[in-house]
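Some notes on the structure that comes next.
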Amino acid sequence: MRVLITGASGLLGVNLALEAAKVHTVYGQIKALPLKGAPFTQLSGDLMEDGAVERMMETAQPEWVIHCAALADVDACEKQPELAEQLNTRLPGRIAQACKGKAGLVHISTDAVFDGTKPNCTEEDIPNPLGVYARSKLEGERVVLKNNPDAAVARINIFGWSLYGKRSLAEWFFYNLQAGLPVKGFTDVYFRTQLASDLADMLLNMLEQKLSGLYHVVGADCVSKYDFALEIARRLGAPESLVSPMKVQEFGLKAARSNNLCLDTGKLQRVLHRPVNQLSTGLDRFFEQYAQGYPHLLRSMVDNSPKNLNPYMHGGNDGN
Ligand SMILES: NC(=O)c1ccc[n+]([C@@H]2O[C@H](COP(=O)([O-])OP(=O)(O)OC[C@H]3O[C@@H](n4cnc5c(N)ncnc54)[C@H](OP(=O)(O)O)[C@@H]3O)[C@@H](O)[C@H]2O)c1
């Protein structure tokens, strides 16, 4: 199939494009950088520019589209609510319109649309977003489904390796613990995260099955961020004493975030007739990828100047 992936330089986009390119003809939309040696066709351009969505669709002529591009930095959304609205609400609406009747679409949304007061929320539960990011993503879901009822919306959470080694919480725990540095993990924030490369297969399966409507596409296991850090320490053979428990309020995050992101995935499992991905297999694969040089492969695709290669910096994007 001809698959168009937007935001192919992002944490999800790059892992998804690399997985999909093993089987499909992939077009990866990249805002600025061309990626060196990418095994897919790159379409560069800022999707906020007039006519950019239409030009991208015209060039790629996709049968399937997975829309990953977004402003996923939660604190940046608080600072720039207008940009958050443009990228997370209006842009998905335009993509949905452009795909209508022409290409299957999965639009990527977030588990953060809920306020965390009720665990195991289903697609029927009423969201209550706590900040600008989550509100703009929820509005994006609504615009996509209004403009294109055949589209699917996937509420996700991911970890994995990224181009600059600093987009996901797992990378931050991994590199710090590997260097023998202490980390703190929230004991009171729970999520059902999964490896981005594993999510890729699930998203492609949703397109194969022509799913439409809203789906919770998260992993199987509800864990705290503290337990997630401990799992990484154990697999690394690092002392568990390097991981300290912490309450989220003690950290003083700028933007409000939900404490319980453990969504129910029953609807997806019933429709796809398959279980969702387990955290232990995702973490095994995360470590296998490291052993096989996958993070280095990703970094070789981008400018490797030292300013871009600080693995100890922690991004503030969704999932962290
Ligand atoms: N990370 C998580 O755990 C998580 C959790 C829940 C939901 N999500 C959702 O998953 C999706 C992917 O997130 P991510 O973590 O992969 O985000 P990310 O790493 O920040 O990537 C975002 C992508 O969007 C691109 N982009 C931003 N503005 C653009 C524009 N004007 N034109 C074209 N492309 C633009 C970025 O390009 P540049 O790099 O060039 O700016 C980048 O490729 C998003 O919808 C996010 O809301 C993520």
Quiz item: Restricting the first residue to the stretch 29-56 and requiring it to be under 15 Å from GLY13 (Cα atoms) and of a type in the set (S, T, N, Q), which pairs with a second residue that is at pLDDT 95 or above and away from the ligand (no atom under 12 Å from the Cβ) meet a Cβ separation below 6 Å and a spacing of at least six or different chains?
Solution: THR41/TYR27
Self-check item: Residues within the stretch 1-60 that are among the hydrophobic types (A, V, I, L, M, F, W, C) and within 7 Å of the ligand (Cβ to nearest atom), tallied
Solution: 8
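Within the stretch 172-224, track down each residue that is charged (D, E, K, R), more than 25 Å from VAL23 (Cα to Cα) and out of contact with any strand residue (DSSP E or B) (no Cβ under 8 Å at 6 or more places or on another chain).
The answer is ASP221, and nothing else.
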Practice problem: Identify all residues within the stretch 250-278 that are touching a residue at least 12 places away in the same chain (Cβ under 8 Å), in a helix (DSSP H, G or I) and within 30 Å of GLY131 (Cβ to Cβ); write none if there are none. | Solution: PHE251, GLY266, LYS267, LEU268
Quiz item: Is it the case that ALA69 is among the small types (Gly, Ala, Ser), touching a Ser or Thr at 6+ places or on another chain (Cβ under 8 Å), part of a loop (DSSP other than H, G, I, E, B) and in contact (Cβ under 8 Å) with a residue 24 or more places away in the chain?
Solution: yes
Practice problem: Look through the stretch 72-107, keep the residues that are within 16 Å of the chain's Cα centre (by Cα), in a helix (DSSP H, G or I) and within 9 Å of the ligand (Cβ to nearest atom), and return whichever of them is surrounded by the most Cβ atoms within 10 Å (Cβ to Cβ). | Solution: PRO92
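The values are calculated or read from the model by the stated rules, or taken from the named source; none is laboratory data. The structure presented is a predicted model; accordingly, all values stated were derived computationally and were not measured. Reconstructed Cβ throughout: ideal geometry from the backbone, glycine too, with neighbour counts over all protein chains shown.
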